[in-house]
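Comments concern the structure below.
The values are calculated or read from the model by the stated rules, or taken from the named source; none is laboratory data. Every value quoted in this text rests on a predicted model; they were computed, and no experiment measured them. Every residue, glycine among them, receives a Cβ derived from its backbone with ideal geometry; neighbour counts consider all protein chains shown. Note: areas computed on protein heavy atoms with side chains; ligands, DNA, RNA excluded. Shrake-Rupley method; radii C 1.70, N 1.55, O 1.52, S 1.80 Å.
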Amino acid sequence: MRRLVSVIVGLAALSAGCATTNQDNSSRLNLIKNRNELICGVSGKIPGFSFLKSDGTYQGLDVDICKAFAAAIIGDSEKIQYRPLTAAERFTAIKTGEIDLLSRNTTFTLSRDSSGGNGLTFAPVVFHDGQGLMVKKESEISSLKDLANKSICVGSGTTTEQNINDAFESASLPYTPIKYQDLNQVVAGYLQGRCSAMTSDRSQLAAARSGFKNPKEHIILDDVLSKEPLAPASDGQDQKLADAMRWVVYSLISAEEQGITKSNIDKKVQIAKNNPQLKPLRRFLGIDGGLGEKIGLSNDFVVKVIKSTGNYGEIYERHLGQNSEVPIPRGQNELYKKGGVHISPPFN
Amino acid sequence: MKINQKLFLQFGISIIFFGLIGILINNLTINLIRTGLGFDFSWLLKPASFALAEHPLPYTSSDSYAWALFIGWLNSLKVIVSSLILATFLGTLIGFARTGTNSLLGLISAGYITIIRQTPLLLQLMFWYFVGFLGLKDNMFIQIKNIFNISNKGIELSGLTFSSEFLALLFGLSIFTSAYIAEVIRGGILSVSRGQWEAFRSLGISERKGVIRIILPQALPAIIPGLTSQYLNLAKNSTLAIAVGYSDIYAINDTIINQTGRAIECFIILLISFLLLNLLITNAMEIINRLILKSQRYD
């Protein structure tokens, strides 16, 4: 009995610790502005998306999305505190208010987006990915069927784990999942030969392979097991922050559609100022219309964003382009005009 | 008068104490509801839709989350019980070697204890897994007449298979804990006065018989409490399974939290599972302790 009581006391003490966050009902947007710093949850371990460089800075597509948000909300893309999070920690970190928003290779799904599920809200997709399988060339495995009864290394607590199960189950193939908490362990397990294949998003496979000793000895199979639209996310109860995030992402895509880049943004602003007839451009750059105010940002937020990160195409080229360390063909991540799926609603 | 005062004081303290707990629990519930994380356990009956590499009982991905958790608990129990036995055996051997008359053995066991106790357990687990087992290449396996078979997939012993994840955890936990158990055993043996050793030697009782019949029974009351706390540590350390890909209850909890977003409920379940496990160990050890004390009174 005495032991039981002490346990209850311990539990209660624990609960007190985690119960004091999210006290004020106002939007997190104001909190970020007052704090003058954005707390952005990232992975920190995926080259090309968010990776801690040897000079101590974070770099990658996900990191640039954080920078775009900081530029739009605070006006300074450097005022960011990055929080590296594991897949398992990320949603709790948003719900408890430990981070303002998440920009961490997170797949946009119904359960995560709904109030009855994880209770988040997603911004528009910043990278369309799909789950794939990587095998050693010498293994002569060429499709999913060749992997029957084999072990497969997979990261636990992700949609990856569910997708691989769905794929094998619907094909009635038995398999053994070897689950690790961390992508680095998945890679180690695969390279050490514990599994015949490793599975993850194809972008992550490509990123991991770029770090191998002999990248050419590994192939990514043609089987694509899932749609993996990766998107930033925030607390589902905070509509204001979600609105701001949504339109910051669209501004990156819209800027690329209109050919507005980091280098010509000043010129474009001048043109817009001098030509009152260019209504859409004037609205987009915040000279007319007061669009920014409607989402709790300054009217010229687009200018601040493009000045600090460039448009979506520039961000992509910088981290995943042909000359980057993790080249991934743009494929469906092109603009809709060029055969991809990225499109922005009008800034009206 | 004095008794009344005492009662009053105790009554007051309990009111404050339970009031505090009530406030804390109330605070927790209100805040959980506010963040949209109100308590709900109905997801437990939904299908888990993830596969498990190891399951002592039948399991498929269409089974419920509750069943998956139970399988995880069994997996934990399996590794805890087997590590507990192996660690006790190893620890006892080393503890005796450390206190014995053979100075070479004493030196070796002292070195063993020093090395094991001064490196982190996580590192040791990683070592056993990534270097020890996965270091064995696919084609480089030892095979004896289809009875004993060792490769980087694990060990196969006449039909029984032990995965390398389980074995790495078993070795890591047992060896780590055995170093601590050895010290507990040594402490127990040293608590028996030297006169006892001299007495049985002078009576011509053999060293082995003397240790088992004379020294150990007197050392046990000092050993058991220390041993219990090492067993509890072992049980708790087993959650590091997640580092080597073993599907213990913590690893499965981790997956479920991510799929359902029910972190608080999952941690409560986790706490209760470990509470059950550790209460089981504590009570079993208490019974053993009582039996030993009782048997000594009659001797």
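Summary table
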read-out	value
Test result for B:I268, open to solvent by 30 Å² or more (accessible area, probe 1.4 Å) and either in contact with a strand residue (DSSP E or B) (Cβ under 9 Å, 6 or more places away or on another chain) or hydrophobic (A, V, I, L, M, F, W, C) (or both)	yes
For A:S234: the one exception among (1) part of a helix (DSSP H, G or I); (2) under 19 Å from the mean Cα position of the chain (by Cα)	(1)
Residues being outside any helix (DSSP H, G or I) and under 21 Å from B:K153 (Cβ atoms) - total across segment B:240-264	4
Subset of segment A:102-114 (residues that are of a type outside the set (D, E, K, R), open to solvent by 20 Å² or more (accessible area, probe 1.4 Å) and assigned to a loop (DSSP other than H, G, I, E, B))	A:F108, A:T109, A:S114
Subset tally (residues that are within 13 Å of B:A68 (Cβ to Cβ) and facing chain A (nearest Cβ under 10 Å)) for segment B:226-249	1
Residues located in segment B:86-137, provided they are small (G, A, S) and open to solvent by less than 50 Å² (accessible area, probe 1.4 Å)	B:A87, B:G91, B:G95, B:A97, B:G100, B:G106, B:S109, B:A110, B:G111, B:G132, B:G135
Top-ranked residue of segment A:297-317 - restricted to ones that are more than 16 Å from the chain's Cα centre (by Cα) and farther than 18 Å from A:F284 by Cα, ranked as most open to solvent (accessible area, probe 1.4 Å)	A:E317
Filtered residue count, segment B:45-83, keeping only those that are crowded, with 18+ Cβ neighbours inside 10 Å and of a type in the set (A, V, I, L, M)	10
Candidates B:G226, B:G261, filtered to the one that is within 25 Å of B:V192 (Cα to Cα) and small (G, A, S)	B:G226
Condition met for B:I257 (of a type outside the set (G, A, S), touching a Ser or Thr at 6+ places or on another chain (Cβ under 8 Å) and either within 18 Å of B:F166 (Cα to Cα) or at pLDDT below 90 (or both))	yes
Segment B:15-41, residues that are open to solvent by less than 70 Å² (accessible area, probe 1.4 Å), of a type outside the set (V, I, T) and either at pLDDT 85 or above or out of contact with any Leu (no Cβ under 7 Å at 6 or more places or on another chain) (or both)	B:F17, B:G19, B:G22, B:L24, B:N27, B:L28, B:N31, B:L32, B:G36, B:L37, B:D40
Subset of segment B:40-65 [of a type outside the set (F, W, Y), within 12 Å of another protein chain (Cβ to nearest Cβ) and more than 24 Å from B:V79 (Cα to Cα)]	B:D40, B:S42, B:K46, B:P47, B:S49, B:S62
Test: residue in segment B:13-34 that is more than 14 Å from chain A (Cβ to nearest Cβ) and either out of contact with any Asp or Glu (no Cβ under 8 Å at 6 or more places or on another chain) or of a type outside the set (S, T, N, Q) (or both)	yes
Any chance B:T92 is outside any helix (DSSP H, G or I), among the hydroxyl-bearing types (S, T, Y), in the same structural domain as B:M285 (by TED's automatic domain parsing) and more than 29 Å from A:T96 (Cβ to Cβ)	no
Among the residues listed as B:I181, B:I189, B:I185, the single one being more than 22 Å from the chain's Cα centre (by Cα), surrounded by 17 or more Cβ atoms within 10 Å (Cβ to Cβ) and in contact (Cβ under 8 Å) with a residue 40 or more places away in the chain	B:I189
Residue check, B:I272 within 10 Å of chain A (Cβ to nearest Cβ), aliphatic (A, V, I, L, M) and assigned to a helix (DSSP H, G or I)	yes
Spans of helices (runs of 4 or more DSSP H) in segment A:119-227 with at least 1 residues away from every other protein chain (no Cβ under 14 Å), open to solvent by 10 Å² or more (accessible area, probe 1.4 Å) and in contact with a Leu (Cβ under 9 Å, 6 or more places away or on another chain)	A:202-209
